[in-house]
Amino acid sequence: MNKSPWCYLISQGTCNGCELEVFASFTPRYDAERAGMKLVPSPRHADIVLVTGCGTKKGSIQSKRVLEQIPDPKVIIQIGACALNGGIFKCKGPRIEGEIRLEGCPPRPSEIIEAIKKGAKLCSSKR
Ligand code: SF4
């Protein structure tokens, strides 16, 4: 991994299961920060975008606006079945397509950390 991945979470229409696993990744038990990863509150400071949940019509307008604020190069990681294909809700809303797709309902924190590591490598290769 060549750089510290700064992550911003876009949550759009979820049961909150995937968000809890993302936050668990940054707690002392899994400690993503030991690998230099951090969750940032502003999209302008991020280079890795974590997307959870299935999109909704209204939400997609906000999500698009937020995505535009994230500087390039950025890497988008779709987290969980809802973000990938609508999941158990069979939601057919507009989706944010990512370079990295992480299966699971929800995926485990260790898998999320591995996906962020891959995202950081990909992001470095785009620079
Ligand atoms: S993938 Fe599963 S855990 Fe994640 S938001 Fe959808 S239903 Fe919840």
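Brief remarks on what is shown
- Residue in the range 70-82 that is part of a helix (DSSP H, G or I) and either β-branched (Val, Ile, Thr) or in contact (Cβ under 8 Å) with a residue 24 or more places away in the chain (or both) present: yes
- For the range 15-48, the candidate set comprises residues that are among the hydrophobic types (A, V, I, L, M, F, W, C) and more than 16 Å from the ligand (Cβ to nearest atom); within that set, the residue that is nearest to PRO106 (Cα to Cα) is PHE26.
- Scanning the range 88-109 for residues that are part of a loop (DSSP other than H, G, I, E, B), away from the ligand (no atom under 13 Å from the Cβ) and in contact with a helix residue (DSSP H, G or I) (Cβ under 7 Å, 6 or more places away or on another chain), we see that the one that is nearest to ILE77 (Cα to Cα) is GLU99.
- Residue satisfying all of: in the range 1-22; in a strand (DSSP E or B) and among the hydrophobic types (A, V, I, L, M, F, W, C); farthest from ALA83 (Cα to Cα) among these: TRP6
- Residues of the range 77-112 that are crowded, with 21+ Cβ neighbours inside 10 Å and β-branched (Val, Ile, Thr): ILE77, ILE79, ILE112.
- Positions within the range 23-48 being over 16 Å from SER63 (Cβ atoms), outside any loop (DSSP other than H, G, I, E, B) and touching a residue at least 24 places away in the same chain (Cβ under 8 Å), in sequence order: ALA24, SER25, ALA32, ALA35, LYS38, LEU39, HIS45
- Single match in GLN78, GLN12 (criterion: modelled with pLDDT of 95 or more, within 16 Å of the ligand (Cβ to nearest atom) and of a type in the set (S, T, N, Q)): GLN78
The values are calculated or read from the model by the stated rules, or taken from the named source; none is laboratory data. This structure is a prediction, so every number in the text was calculated from the model and none was measured. Every residue, glycine among them, receives a Cβ derived from its backbone with ideal geometry; neighbour counts consider all protein chains shown.
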